[in-house]
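Novice: Sending over a structure as structure tokens; questions will come in a sec.
Readers should treat all values here as calculations from the given coordinates under stated rules, not as data from a laboratory. The model shown is predicted, which means the values in this text are computed figures rather than measured ones. Cβ coordinates were reconstructed from backbone atoms using ideal geometry, including for glycine residues, and neighbour counts include every protein chain displayed.
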Amino acid sequence: MKLTSTLVAALLLTAGAAFAGPYTGPWLFEWDFDTSPQGWSVVSPGYWTDPGWVPANGPTLPDGAPSGGGNGNFYLPDKSYARLDVRSLNLGSGTVGGVQKYPFVFQADVYIPNLRPLGGFTFNYPGNMNHQAGIQVLREPDLRAIYLEGNINRGGLLARDRTWDNTDRRSDWVMEEKVSPDSLWWDKWITVQLDYGLSTPGKWTAWAYIPWDSYVSNAGWIKVGGGDYDVNPNVWFGYLQMGGAASWTQAQFDNAKLYVTPEPATMLLSGLGLLGVLRFRRKS
């Protein structure tokens, strides 16, 4: 069936608009962690904030107060992380071992607590932000990562692909909230996203939604580092991860989401124990 020139133009316009910003769905997998860790393993001292015993206002932090980040998520303080084995989904690009790898988007929410009246933090910030904590996708078999995480030494966010060009992609000072006093900073959720070759074939992009104004940015989505960067031409990512093995933080993590194309429907029936712990959504 032929498409009219008007319809073709409309479709092209729609497609262009879809790729102008961060990926917004549909998602194939969503983990809300409301009732269980949903198949993710956690390294101590982090833990799943079980609503059966963690208060509704969140775990108690070093300032002696509840986090405000609620429960039914992961509390992943210093050097702890939550990880999920996704080897059967063949995330990545090109071919590895003769097996095709596929573009993907991985996203999660991160709660940034304010720790005043405590002090002693870098730049005298009201806490340690999400320093070296965020989302990572780990290469099989050596666990080298592409990641997006906080960097308190620059007051911002840092993305890097350690499987390929190993260059810092930074957005500095965006974590400094434009309010006074700084005891009013944070106590909010941000969203971080890695788009690996999906929206722009052959490129990866790091995005963050930050719900406050800083002196260098307005509330909303920002493209971390300001660009799109080359993907590793042949790479296989085997694990999703939240938190950070070298982190210094009191952050919480929630609402992990993943999209991979083509939709690996047959893969859901084998490996991983994905059925029963994931919320699976197919494109309509």
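Novice: Report the number of Lys pairs in region 23-280 whose alpha-carbons are under 25 Å apart, with separation of 8 or more residues or on distinct chains.
Specialist: Lysine pairs meeting the criterion: 12.
Novice: Follow-up question, since we're still on this one. In what sequence do Val105, Val96 fall when counting other Cβ within 10 Å, fewest first?
Specialist: Lowest count first: Val96, Val105.
Novice: Roughly what would the spin-label model give for Asp230 and Leu143, points 7 Å off Cα along C-beta, in nm?
Specialist: Simple spin-label model gives 2.9 nm for this pair.
Novice: Okay, next question. Going by how many other Cβ atoms sit within 10 Å of their own, how do Thr60, Thr205 line up, fewest first?
Specialist: Fewest-to-most Cβ neighbours within 10 Å comes out as Thr60, Thr205.
Novice: Just to be sure I understand the model, the point goes 7 Å from the Cα along the line to the Cβ. What's the resulting Asn57 to Lys188 distance in nm?
Specialist: For the pair Asn57/Lys188, the computed spacing is 2.1 nm.
Novice: Go through region 215-224 residue by residue and turn each phi into a ³J(HN,Hα) via Karplus (6.51, -1.76, 1.60, θ = phi - 60°); whole Hz please, and just put x for glycine and proline.
Specialist: 7, 10, 7, 9, 4, x, 7, 10, 8, 5
Novice: Give me the distance in nm between label points sitting 7 Å out from Cα along the Cα-to-Cβ direction at Ser88 and Asp168, one decimal.
Specialist: Simple spin-label model gives 4.1 nm for this pair.
Novice: Run the numbers on the chain and let me know its relative contact order in percent, using alpha-carbon pairs under 8 Å that are six or more apart.
Specialist: 29
Novice: Assign one of three labels to region 23-280, namely rounded, prolate or oblate, based on the Cα gyration tensor with a ≥ b ≥ c the square roots of its eigenvalues; rounded applies when a/c is under 1.5, prolate when it is not and a/b is larger than b/c, and oblate otherwise.
Specialist: Oblate is the answer for region 23-280, as a/c is 1.5 or above yet b/c matches or exceeds a/b.
Novice: Roughly what % antiparallel, to the nearest 5, for the DSSP beta bridges in the chain?
Specialist: Counting only bridges with both partners in the chain, antiparallel ones make up about 95 percent.
Novice: Oh, and also: Treating the beta-carbon of each Lys and Arg as +1 and of each Asp and Glu as -1, no other charges, what is the dipole magnitude of the chain about its Cα centre, to the nearest 20 debye?
Specialist: So the magnitude is around 720 debye.
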